[in-house]
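Contents: one structure, followed by commentary.
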Ligand SMILES: Nc1ncnc2c1ncn2[C@@H]1O[C@H](COP(=O)(O)OP(=O)(O)OP(=O)(O)O)[C@@H](O)[C@H]1O
Ligand SMILES: [Mg+2]
């Protein structure tokens, strides 16, 4: 039994947790849910020894423990897989080295030699134990997000932890990878008596794998519930948002105009995408779907000039254009909200305010080159309000915002830029349902303004909810074009998995 009592914590300008009681048991899977910025990650970081300035008490099996460093957390058998997986991995080391990182580091204190065969064998053993197919010699920087996460879970398993905290583990995963993760989580909880905290914004997922749930709002616990037939997903969402929640997908009629973007036979050098044909019309929201790894992100990046195009033709409003790099893409009226926000989408060391204006500085610059700070700030405040970005001020550094709020900034940044064609690559990853609704509203509004929109996602429900037309990708190719009104999840899955 792990128990937290009366936990509070403050950061400059933010009371992140107030008097939180929280508990989990070994061998059980417990859900934690709340809107972006509710305090979920902060609470978990108290348990993992990172937020050491908490007040309140923590008990393990009735014994009070003082978790003031990550090392002490590990000693108590508490392991965490953070929301931003990259921060916990060393990209240029191998899978095996990353899994065994702690014991390598600890050994270095005592010994002069590292037994590499032993290290790799142990890493292999753990990968086998949880049935993950990864080569221990691959460098971590070559892995997908899903694979990186597996590495981190393996690292926790090596440590033989008692409690494993998973902070939005499924956000970067496809359905298939999620099923795989669930298998591992169930196995570890049943057969190895590990107690889990499982954070996710997908309520259906929590209902599938967890036995009980804690709902948080504004740094406090709203309620604890058993997950059984009496509890509905709707209830959970309304408790966490503190309001009624109806339609996730805004319905509105948009007139679709002439072809804005026309792509013929597009390929990149690595053949990550092969001879892609597609078009987007004015006011149209076009979905690009497929499993993780099907080439959606690569297609988005190639269109945006972030991956070099070697074959094919791109026309905007009937004119052939050359996109050599992202900055030329921006000049031609394209905008991309990228998938891996912390690497490509935002500047984490900078303020919200500079992030929101970074992609469109020229708009706020007069003919003498001076930036109009007043207009810039006005726009930033407007977006903070519109997207419900939770922050003490517009000057807050991005890295101090919660994960979902960082994503809102990544989206908001491009809304300022006034492009003609917007490319969204998995924009709702890690975003709570309330904020998702806000993002969908914004996208719909862009469509109403006559913009062309590409919406790439592996979440079929979102694709079906928001798009007009869909391209399904498989192995780098567009394998099927479908009218959203005349298709369903089964059909999307069929073509996504190579059916023809
Ligand atoms: N080190 C810090 N400095 C300043 N503020 C912080 C810090 N860490 C967290 N916060 C603030 O505490 C609040 C809670 O953040 P937290 O990351 O716990 O939210 P969350 O529930 O995990 O949200 P999300 O679903 O977006 O991941 C937010 O307002 C956040 O900006
Ligand atoms: Mg979080």
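Exposure proxy check: 268, 475 ranked by fewest other beta carbons within 10 Å?
Values: 268 21, 475 15.
So the ranking, lowest neighbour count to highest, is 475, 268.
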Please list the three semi-axes, largest first and in whole Å, of the ellipsoid equivalent to the range 40-154, using sqrt of 5 times the eigenvalues of its alpha carbon gyration tensor.
28, 17, 13
Only bridges with both residues in the range 129-250 count here: give the DSSP antiparallel percent, nearest 5.
55 percent
Looking only at the chain, where both bridge partners belong to it, what percent of the DSSP beta bridges are antiparallel (to the nearest 5)?
55 percent
When the chain is fully extended, how far beyond the present Cα-Cα distance does residue 50 get from residue 106, taking 0.36 nm per residue of separation?
18.2 nm
Rounded to the nearest 5, what is the percent of antiparallel bridges among the DSSP beta bridges in the range 2-241?
55 percent
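Taking 0.36 nm per residue of sequence separation and subtracting the Cα-Cα distance, how much length would be gained by fully extending the chain between residue 264 and residue 226, in nm to one decimal?
This chain segment gains 8.4 nm when fully extended.
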For a paramagnetic label modelled at 7 Å from the Cα of residue 218 toward its Cβ, which residues of the range 393-408 fall within the zone defined by backbone nitrogen distances under 20 Å?
393-394, 401-405
Between residue 93 and residue 322, what is the label-to-label distance in nm when each label sits 7 Å out along the Cα-to-Cβ direction?
4.5 nm
Expected sort for 477, 161 with the fewest Cβ neighbours (10 Å cutoff) up front is 477, 161
By the Cα gyration tensor axes a ≥ b ≥ c (a/c under 1.5 gives rounded; else a/b larger than b/c gives prolate, otherwise oblate), the shape of the range 259-496 is prolate
For the pair residue 399/residue 377, report the inter-label distance in nm, with labels modelled 7 Å from Cα in the Cβ direction.
2.5 nm
Grab the Cα-Cα distance for residue 238 and residue 483, subtract it from 0.36 nm times how many residues apart they are, and report the gain in nm with one decimal.
85.0 nm
Over the chain, what is the relative contact order in whole percent, taking alpha-carbon pairs under 8 Å and six or more residues apart?
16 percent
Nearest 0.05, what FRET efficiency do residue 28 and residue 497 give at R0 = 35 Å with Cβ-Cβ as r?
0.55
Within the chain, helix-based [θ] at 222 nm, where runs of 4 or more DSSP H residues each add -39,500 (n - 2.57), nearest 500:
-10000 deg cm²/dmol
Centre separation in Å (Cα based) which lies between the range 423-453 and the range 473-487:
20 Å
Taking the beta-carbon count within 10 Å as an exposure proxy, list 47, 127 from fewest neighbours to most.
127, 47
Measure out, as a whole number of angstrom, how far apart the alpha-carbon centroids of the range 1-60 and the range 206-250 sit.
18 Å
Quick check: Cα centre of the range 112-156 to Cα centre of the range 296-314, how many Å?
32 Å
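Mind jotting down a quarter of the surface of the convex hull over the alpha carbons of the chain, in square nanometres, one decimal?
If you wrap the Cα atoms of the chain in a convex hull and average its projections, you get 25.3 nm².
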Where only C-alpha atoms are counted, convex hull volume of the range 409-500 per residue in Å³
110 Å³
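Every read-out reported here was derived from the displayed coordinates using simple, explicitly stated rules and does not represent laboratory data. Since we're looking at a predicted model, the values are computed, not measured. Don't worry about glycine lacking a Cβ; one is built from the backbone with ideal geometry, like all the others, and counts go over all protein chains shown.
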